[in-house]
Amino acid sequence: MNILVIGGAGYIGSHIVYELNDAGHKVTILDNFSTGLRENVDARAMLVEGDMQDLVLLDRLLGGNGATRSTGGTKANDGTGVAAGDIGPASAERFDSVFHFAALKAAGESMEKPEKYTSANTISTLNLLNLMVKNGIRNFVFSSSAATYGEPEYLPIDEKHPQNPINYYGYTKLAIEQAMRWYSQLKGLRYAALRYFNAAGYDVQGRIMGKEQNPANLLPIVMEVAAGTRPKMQVFGDDYPTRDGTCIRDYIHVNDLATAHVKAMEYLASEDRDLELNLATGEGYTVLEVIQEAEKVCDKPIPHDITGRRAGDPAELVATSSQALETIGWKAHHSSLRTLIESTWNVYRDDSAS
Ligand code: UFG
């Protein structure tokens, strides 16, 4: 199939692009490189450098006018990017599906700067949906989040759990889920809302080696401490009602997320039904368990201080993905804590030598 991946140079998007290419699909990336990295772009994909908020560019792409593949598919990405103004002659080739990863994801920041999240996450995605409708592109795979659920009312969280986000980031994802439900009814959109739990890990084949800049998530921070580029870390609270007092999260490997995306896209195309799915393992680890396992895998001490709780952190987030198994035949294969840490350490370990 012919796929547009918006944000295909980012942490999750770059893993999905590799998976799509491995499965034999034809991929075009649209990325503005605000956080994405050129080194993580799969050379098999076509690359359009530009912003999804440039609606003229987006309309041209979705209308089949302006993808670099119009040159016959020979102008593969050479790592330098292709400026929007340089794109080749028009092509009648339309995308079968659109994947969207170009969003902001820091829940804490979204509470301080909601306007930024409204523009980047909500307005830009609603514009995208309108342009998809205008250009007759039906299938949409959307990165949603566990953050749409808010404070768990029961565990493990299933897809029927009420969605009451407790941060603005989660609300931006829920707003798009709700719009997709309407567009499905009213305009025949077919969508997959994939609710990730804690995305982590790096490509197990070692093809994606560019590190996220200024990471805020637990595992990259643990790795920076192990590598010695960060002297110590903070554990945000050890007085939660969990087995060791620190928060429990359900960590899901990005390679597992990637296979789920490809299966979801294939389902939309063949079954003509929408999907709303948790992507998780059903197993949770505490912050201290992550640190202790990382000390073993990296064979390095990970100095840490216990500090106060971070605002907005639920004690435990663990989900069932049985619906993903039933509908798209998906379950996690690379999400053991060891594989999550080993594949991430593979990217960070070089820093420990310098
Ligand atoms: N943590 C620390 N120290 C740190 C960083 C994190 O103790 O330096 C703790 C947090 O308090 C939390 C756990 O590690 O208990 C995981 O924190 P992350 O920041 O890695 O992840 P979150 O669970 O807060 O949120 C992540 C994504 C969200 C997504 C959510 C879904 O960042 O975008 O998972 O579960 F919505």
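The values are calculated or read from the model by the stated rules, or taken from the named source; none is laboratory data. Please read these numbers as outputs of a predicted model, since none were measured by experiment. Cβ atoms come from the backbone with ideal geometry, glycine included; neighbour counts cover every protein chain shown.
Data table
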item	result
Single condition Pro215 does not satisfy, out of (1) of a type outside the set (Phe, Trp, Tyr); (2) within 15 Å of the ligand (Cβ to nearest atom); (3) touching a residue at least 40 places away in the same chain (Cβ under 8 Å)	(3)
Residues being within 16 Å of the ligand (Cβ to nearest atom) and either of a type in the set (A, V, I, L, M) or assigned to a loop (DSSP other than H, G, I, E, B) (or both) - total across the range 121-135	0
Some residue of the range 184-203 being within 23 Å of Ser34 (Cα to Cα) and either of a type in the set (D, E, K, R) or more than 16 Å from the ligand (Cβ to nearest atom) (or both)	yes
Qualifying helices (runs of 4 or more DSSP H) (wholly inside the range 1-120; at least 2 residues being at pLDDT 95 or above)	11-22, 55-62, 114-117
Contacts under 7 angstrom Cβ, first residue in the range 11-40 being closer than 19 Å to Ala216 by Cβ, partner hydroxyl-bearing (Ser, Thr, Tyr), 6 or more apart	Ile12/Ser143; Asn40/Ser14
Per-region count, the range 253-276, residues of a type outside the set (Val, Ile, Thr) and surrounded by 21 or more Cβ atoms within 10 Å (Cβ to Cβ)	12
Counted residues, the range 136-180 - those being without any contact (Cβ under 8 Å) to a residue 24 or more places away in the chain, more than 12 Å from the ligand (Cβ to nearest atom) and closer than 28 Å to Glu115 by Cα	5
Selection within the range 185-215 - modelled with pLDDT under 95 and over 19 Å from Pro303 (Cβ atoms)	Glu212, Gln213, Asn214
Some residue of the range 140-148 being out of contact with any Phe, Trp or Tyr (no Cβ under 9 Å at 6 or more places or on another chain) and not acidic (Asp, Glu)	no
Qualifying residue in the range 277-292 (condition: surrounded by fewer than 17 Cβ atoms within 10 Å (Cβ to Cβ) and at pLDDT below 95)	no
Flag if His253 is touching a His at 6+ places or on another chain (Cβ under 7 Å), closer than 24 Å to Ile208 by Cβ and modelled with pLDDT of 95 or more	yes
Contacts under 8 angstrom Cβ, first residue in the range 191-205 being of a type outside the set (A, V, I, L, M), partner in a strand (DSSP E or B) and within 8 Å of the ligand (Cβ to nearest atom), 6 or more apart	Arg195/Ser145; Tyr196/Ser145; Phe197/Arg249; Phe197/Leu317; Asn198/Arg249; Asn198/Leu317
Hits in the range 289-310 - residues which are within 10 Å of the ligand (Cβ to nearest atom) and farther than 20 Å from Thr229 by Cα	Thr307, Arg309, Arg310
Members of the range 105-129 that are crowded, with 16+ Cβ neighbours inside 10 Å and of a type in the set (S, T, N, Q)	Ser110, Thr118, Asn121, Thr122, Ser124, Thr125
Which numbered condition Ser336 fails, given (1) under 25 Å from Phe140 (Cβ atoms); (2) of a type in the set (Ser, Thr, Tyr); (3) in contact with a strand residue (DSSP E or B) (Cβ under 9 Å, 6 or more places away or on another chain)	(1)
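Residues checked against (1) at pLDDT 95 or above; (2) within 25 Å of Gln53 (Cα to Cα); (3) of a type in the set (D, E, K, R):
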{"residue": "Arg138", "(1), (2), (3)": "yes, yes, yes"}
{"residue": "Ser144", "(1), (2), (3)": "yes, yes, no"}
{"residue": "Pro156", "(1), (2), (3)": "yes, no, no"}
{"residue": "Asn164", "(1), (2), (3)": "yes, no, no"}
{"residue": "Thr172", "(1), (2), (3)": "yes, yes, no"}
